[in-house]
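For reference, the structure is listed below as C-alpha cells.
The values are calculated or read from the model by the stated rules, or taken from the named source; none is laboratory data. Quantities reported herein were computed from a predicted structural model and do not represent experimental measurements. For neighbour counting, all protein chains shown are included, and Cβ atoms are generated from backbone atoms with ideal geometry for every residue, glycine included. Accessible surface areas use protein heavy atoms only, side chains included; no ligands, DNA or RNA. Shrake-Rupley method; radii C 1.70, N 1.55, O 1.52, S 1.80 Å.
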Amino acid sequence: MAGGATSGGNAVTDTYKEARNWLLLPAWVTLSFLVLAPVLLMLVYSFLTKEFRGGVIWEFSLAAYDQFFFDRGLFGDDPAQIEWTYIAIFWRSIWQAGAATLLSLAIGFPTAYFIATRPEKQRVIWVFLITIPYWVNLLIRTVSMRFLLRDEGPLNSFFMATGLVDGPVHMINTNFAVQVGLFYSYLPFMVLPIYAAVERYNFTLSEAAADLYANKWITLRHIVLPAVKPGVIAGCILVFVPSLGSFLAPDLLGGAKNFMIGSLIEEQFKGNAGNWPFGAAASMILLTMVLIILVIYARAQARSDKEAG
Amino acid sequence: MKKLLTSTAAATALLMGASGAQAEGKLAIYHWFEYIPQELLEKFSAEHDVEVILDTYDSNEAMLATLKAGAIGTYDVAVPTDYMVSILIGEGLADEVASGELKNIGNVKESFTDPAYDPGLKHSIPYQGGTTSFSVDTAEYSGDINSTDIVFNPPEELKGKINILDSQGEVLALAAVHMGIPQCSNDREQLKAMNEMLQAAKPHWASFNSDTAKEVLAAGDVAVGMIFNGFAAKARESRDTLQYAFPKQGWVNWMDSVVLLKDAPNRENALKFMDFLLEPENIAAVTNYARYRDVVKGSEEFHDPALAEEPEGNPPAGIEGVFVQACDAETQAVYDKIWTNLKK
C-alpha cells in the first residue's frame with residue numbers, strides 16, 4: 001500500500017500539480033481540528049498540575065510523567081524507585097495486541113488469498129460476506145460474544161450436549177476470551193488490505209516460478225509474499241493499533257481484572273482518580289510508542305524500496 | 001458500555017414519544033442507568049408539555065468528570081449519591097433552590113430534611129435510598145452468607161466466582177467495613193493493611209464490573225456479586241437461588257438525590273421535575289421500578305405490596321450500614337494508589 005506511490009511513476013501534469021494544493025485544504029482543516037488540536041491539548045494537559053477530583057491547574061508540572069516512571073511507595077515519600085506498574089500494564093497491552101495481530105494474520109492471510117483467487121464475480125460476494133457482521137456496532141458484538149462464551153452459554157451447551165466435555169469449559173473473564181474478542185473485532189482490517197494487495201498481484205509470476213521448478217512454498221515465500229508485503233504490513237498496523245488501545249474486549253470479556261492501557265487512561269478521566277494530567281501523559285506515551293513503530297515501518301519500507309531499485 | 005446503549009435508546013424513544021414535536025420547553029436529565037421508568041418520564045413530558053432528554057452514567061465519578069469536562073450548562077438535573085452531592089456542592093456545580101421554589105418540599109419525611117451531605121436540602125431532594133452489599137448463589141454455597149468474608153476472604157467453593165463493582169468508593173468503603181477501620185483513615189498502618197488485604201483477596205475474584213453487575217449474577221457467570229439491593233431483587237427474579245447478604249460487619253448505605261445543577265438551561269422545568277418527583281404517586285413509580293426506597297410521605301399507598309416483604313429492601317434491625325465518605329486530597333491519593341495496585 002505505502003509502497004504503491006513509488007512504483008507507478010506516471011508524471012503528473014503541471015495543471016494537476018497546481019490544483020493539488022488547495023484541494024488538500026479541506027483535508028488539512030479536518031485533520032488539524034479533529035486530530036492535531038486534541039493531541040496538542042493532551043500534550044499541554046500532560047504538563048499541567050492536577051486538580052483534586054478532576055480538572056487541571058494551569059501550572060507547569062512534570063508530576064504526571066514522574067508518576068508514570070517513578071514509584072515512591074503507597075504514601076509518596078519513600079525513595080524513588082522505577083515504577084513497574086504502568087510499564088507492566090503497557091507490556092500486557094502490547095502482548096495482547098501482538099497476539100491478536102498474529103492470530104488475525106494467520107487466519108486473515110489465507111482468507112484474503114482465497115477470496116482474491118476466486119473468479120471476479122464471486123469476490124464481491126465474499127468481501128460483502130466479510131463485512132456483514134460489521135454493520136452491527138462493536139459494543140453489541142462484544143456483548144453478544146459474552147453470551148456465546150459464558151459457562152451457561154450456547155457454546156458450552158453444545159460441547160456438553162455432544163459429550164465432548166463433562167462440565168462447562170470456563171472461557172469468560174480469561175485472556176483467551178479477550179483474544180477471541182480482539183481477533184473477531186479487527187479481523188476484516190487484516191483481510192481487506194491483504195485482499196487488495198493479492199488481487200493486484202500478477203499470478204503469471206507464480207506460473208513463471210513454477211516453470212522454473214520453484215515449489216509452492218518457495219513461490220509463496222520469494223514471489224508472492226514480497227509482492228503483497230505492503231498489504232500485510234498495513235493489515236498488521238490496522239489490527240495492532242486499535243487492539244492496543246481497546247477497552248471493550250478487556251472489560252466485557254476479560255472481566256476488567258487488570259488494567260489495559262485504554263482502561264487505565266479512561267480511569268484517570270472517569271474514575272475516582274480524576275487525574276487528568278496523568279491520563280494525558282499516559283496517552284502521550286502511548287502515542288509516542290505507536291509513532292515509533294510507524295516510523296520504524298516507514299524507514300524499513302523506504303530501505304526495501306531502495307534495494308528493489 | 002451498556003450505558004451507551006441505554007442512554008441512546010432512551011433518548012431516541014423519548015424523542016419519538018414526544019411526537020408533539022413543538023413542546024413548550026426542554027428538560028435535560030443526567031441519570032444513573034436503568035433506574036427511572038420510561039412511563040414516568042412520558043407522564044412528566046405530557047403533564048408539563050416538556051421534551052425530556054435523558055443521558056445516563058454508570059458511576060458518580062463518571063458523572064462528575066463529564067460535568068467538569070464542560071457538560072455543566074447542558075444538563076438541568078443530575079442524580080448523584082449522597083457523598084457526590086456534597087462534592088458537587090463543594091465544587092460549585094450545584095445551584096441553590098430558594099425557599100418556596102419547591103412547593104412539594106414539605107412532602108419529604110422529617111428525618112431526611114436535613115442530611116449531612118446537603119444541610120437543609122438547599123440544592124437537592126432525596127430520591128431513592130438503598131444499600132450496597134452482595135448477592136450469593138445459595139445453590140453454590142450453603143453456608144452463612146452474612147459476612148464480608150464471602151467477598152474478601154471467600155470459602156473454597158466461591159473462589160474465582162466473584163464479581164466486584166468497578167467502583168473505588170464502594171469497594172474501599174466495604175473493605176473498611178470488613179476490617180473494622182474508619183473510612184478515609186489516614187493512619188498509615190491501617191492503609192497498608194487495607195492494601196494488603198485487597199491484594200490477598202484479588203486472586204479470588206473473577207471480574208470487576210458495574211454495569212453488568214445484575215446480569216452476571218442472573219446468568220450464572222459468577223456465584224457472588226457485589227450489587228445494589230434493587231438490582232439484587234431483580235437478579236433474584238431471574239435466578240431464585242440468589243440471596244442478598246446483610247453482613248454482620250455492616251454494609252454500604254446510600255441516598256441518591258436529584259440535584260439542581262448550576263447554569264441549568266431549563267431551570268424552571270428542573271424545579272417542576274423536582275416537584276413532580278416529590279408527589280407520592282410519582283416517586284412511588286420509581287420505587288416500584290427500581291426497588292429502592294423513597295422518603296416521601298404518603299408514597300406507601302402507591303407501593304407495590306411485594307416491596308414490604310422483599311428481603312433485599314428490609315435490612316435486619318440492630319446492624320448499621322455506613323455511608324461512603326469523600327476523603328480529603330491526601331488520603332484520596334493513597335486510595336487511588338491502592339485501587340491502581342488492585343487493578344494493575
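Looking only at segment B:291-302, how many residues end up being touching a helix residue (DSSP H, G or I) at 6+ places or on another chain (Cβ under 6 Å) and part of a helix (DSSP H, G or I)? Count: 1.
Let's see how each residue does on (1) within 14 Å of chain A (Cβ to nearest Cβ); (2) assigned to a helix (DSSP H, G or I); (3) of a type in the set (A, V, I, L, M, F, W, C):
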site: B:274; (1), (2), (3): no, yes, yes
site: B:283; (1), (2), (3): no, yes, yes
site: B:286; (1), (2), (3): no, yes, yes
site: B:289; (1), (2), (3): no, yes, no
site: B:304; (1), (2), (3): no, no, no
site: B:308; (1), (2), (3): no, yes, yes
site: B:312; (1), (2), (3): no, yes, no
site: B:316; (1), (2), (3): no, no, no
site: B:335; (1), (2), (3): yes, yes, no
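Every residue in segment A:119-131 that is surrounded by fewer than 16 Cβ atoms within 10 Å (Cβ to Cβ), modelled with pLDDT of 90 or more and closer than 29 Å to residue A:248 by Cβ, please. Answer for segment A:119-131, where residues must be surrounded by fewer than 16 Cβ atoms within 10 Å (Cβ to Cβ), modelled with pLDDT of 90 or more and closer than 29 Å to residue A:248 by Cβ: A:128, A:129. Answer yes or no: is there a residue in segment A:228-241 that is open to solvent by 20 Å² or more (accessible area, probe 1.4 Å), in contact with a Ser or Thr (Cβ under 7 Å, 6 or more places away or on another chain) and either more than 14 Å from chain B (Cβ to nearest Cβ) or of a type in the set (Asp, Glu) (or both). Yes, segment A:228-241 contains a residue that is open to solvent by 20 Å² or more (accessible area, probe 1.4 Å), in contact with a Ser or Thr (Cβ under 7 Å, 6 or more places away or on another chain) and either more than 14 Å from chain B (Cβ to nearest Cβ) or of a type in the set (Asp, Glu) (or both).
Yes or no, residue by residue, for (1) assigned by TED's automatic domain parsing to the domain that holds residue A:182; (2) open to solvent by less than 30 Å² (accessible area, probe 1.4 Å):
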{"position": "A:201", "(1), (2)": "yes, yes"}
{"position": "A:205", "(1), (2)": "yes, no"}
{"position": "A:212", "(1), (2)": "yes, no"}
{"position": "A:300", "(1), (2)": "no, no"}
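Within segment B:52-76, the only residue that satisfies the criterion of being out of contact with any helix residue (DSSP H, G or I) (no Cβ under 7 Å at 6 or more places or on another chain) and charged (D, E, K, R) is B:68. crowded, with 24+ Cβ neighbours inside 10 Å, more than 15 Å from residue A:68 (Cα to Cα) and more than 21 Å from the chain's Cα centre (by Cα): is that true of residue A:271 in this structure? So residue A:271 fits the description; yes.
Taken together, A:108, A:76, A:98 contain a single residue that is more than 14 Å from every other protein chain (Cβ to nearest Cβ) and under 30 Å from residue B:341 (Cα atoms), which is A:98. State which residue is nearest to residue A:229 (Cα to Cα) when the search covers only segment A:249-302 and only residues that are part of a helix (DSSP H, G or I), polar (S, T, N, Q) and within 14 Å of another protein chain (Cβ to nearest Cβ). Among those that are part of a helix (DSSP H, G or I), polar (S, T, N, Q) and within 14 Å of another protein chain (Cβ to nearest Cβ), it is A:263. The set of residues in segment B:97-117 that are in contact (Cβ under 8 Å) with a residue 24 or more places away in the chain, part of a loop (DSSP other than H, G, I, E, B) and either of a type in the set (S, T, N, Q) or closer than 13 Å to residue B:274 by Cβ (or both) comprises B:97, B:101, B:102, B:103, B:104.
Pairs linking a residue in segment B:178-199 that is farther than 16 Å from residue B:330 by Cβ to a residue that is open to solvent by 40 Å² or more (accessible area, probe 1.4 Å) and in a helix (DSSP H, G or I), with Cβ atoms under 6 Å and 6 or more positions apart or on different chains, are B:181/B:190. Of all the numbered requirements in (1) touching a residue at least 12 places away in the same chain (Cβ under 8 Å); (2) open to solvent by less than 20 Å² (accessible area, probe 1.4 Å); (3) over 30 Å from residue B:223 (Cβ atoms), residue B:65 misses one, and that requirement is (1).
Of the helices (runs of 4 or more DSSP H) lying entirely inside segment B:181-255, those containing at least 3 residues that are open to solvent by 30 Å² or more (accessible area, probe 1.4 Å) and not hydroxyl-bearing (Ser, Thr, Tyr) are B:188-201, B:229-238. Screening B:140, B:170, B:156 for residues that are of a type outside the set (A, V, I, L, M, F, W, C) and within 11 Å of chain A (Cβ to nearest Cβ) leaves exactly one candidate, B:170. One residue stands out in segment B:173-193 among those that are in contact with a helix residue (DSSP H, G or I) (Cβ under 6 Å, 6 or more places away or on another chain) and within 11 Å of another protein chain (Cβ to nearest Cβ): the one that is nearest to residue B:224 (Cα to Cα), namely B:191. Restricting attention to segment A:247-263, does a residue exist that is of a type in the set (Asp, Glu) and assigned by TED's automatic domain parsing to the domain that holds residue A:174? Yes, segment A:247-263 contains at least one residue that is of a type in the set (Asp, Glu) and assigned by TED's automatic domain parsing to the domain that holds residue A:174. Restricting attention to segment B:318-331, the residues that are outside any loop (DSSP other than H, G, I, E, B) and of a type in the set (Val, Ile, Thr) add up to 2.
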